[in-house]
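Colleague: Pasting a structure below so you can have a look.
Read the figures in this text as sums done on the coordinates, not as results from a lab. As the structure is a computational prediction, the values presented were derived from the model and not from experiment. A quick note on method: Cβ atoms are made from the backbone with ideal geometry, for glycine too, and the neighbour counts reach across all protein chains shown.
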Amino acid sequence: MKFKDNGHERYYNTFINKAKHVDIYRRALFYTLAVDKDTRANINSLYDFKSNCIIPEGLCEGFQTTASLKVTRMAFNLYNGDTTNGVLISDDVGYGSDAKNYTPDNLFDCCYAPYFWEAIQIRFPYLRNVEETEKLMDKIAKEVLAERRKEE
């Protein structure tokens, strides 16, 4: 498993150890949520460890940034395939369940793209060991970062 940094790995392990039930859905969820400092600092607004389920309303919490929203959306989608879990989330401020927020071109347009790919492989283990794809994802991530630097 590839981790962004020591914090990513430490928080992933903390979340896994705290969960009552661990399966590929929660492994992908926790791996994804642990990659971003804002989502890991606010894990209790995104996941209820007592009831062992996500908190969709966490998408509308004040701590959310553009990057953390992408992380949360990816994590929730990998967890259950339905980002709202049947709960209607207000989209008044653009944070909610608008389908365009969950498209690959939107979600993967960030520095966390290589880790999203890793999370997808956790959720769908049969995608593992695809060396060519990993090299391509690394290349794409570097190109996206270089393009963003040019824009700044």
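Colleague: Full extension from Asp5 to Leu127: what is 0.36 nm times the residue separation minus their Cα-Cα distance, to one decimal in nm?
Modeller: Using 0.36 nm per residue and subtracting the Cα-Cα distance, I get 41.6 nm.
Colleague: Continuing with this model, one more query. Provide the per-residue ³J(HN,Hα) series for the stretch 64-78, in order, calculated from phi with Karplus coefficients 6.51, -1.76, 1.60 and θ = phi - 60°, each as a whole number of Hz, with x at glycine and proline positions.
Modeller: Values per residue, Gly and Pro as x: 5, 10, 4, 5, 5, 5, 5, 4, 5, 4, 4, 4, 5, 5, 5 Hz.
Colleague: List the lysines whose Cα lies under 30 Å from the Cα of Lys18, skipping any in the same chain that are fewer than 8 positions away.
Modeller: Lys2, Lys4, Lys37, Lys50, Lys70
Colleague: Kindly provide the chymotrypsin sites (Phe, Trp or Tyr not before Pro) of the stretch 30-61 that DSSP labels as loop, not H, G, I, E or B, and whose Cβ sees at most 15 other Cβ atoms within 10 Å.
Modeller: Passing both the DSSP loop test and the Cβ count: Phe49.
Colleague: As an exercise, use a Förster radius of 35 Å and the Cβ-Cβ distance of Arg149 and Lys20 to find the FRET efficiency, rounded to the nearest 0.05.
Modeller: Calculated transfer efficiency: 0.25.
Colleague: Output ³J(HN,Hα) for the stretch 116-125: one whole-Hz value per residue in order, computed from phi by the Karplus curve 6.51 cos²θ - 1.76 cosθ + 1.60 with θ = phi - 60°, and x for Gly and Pro.
Modeller: Values per residue, Gly and Pro as x: 5, 4, 4, 5, 4, 5, 5, 5, 10, x Hz.
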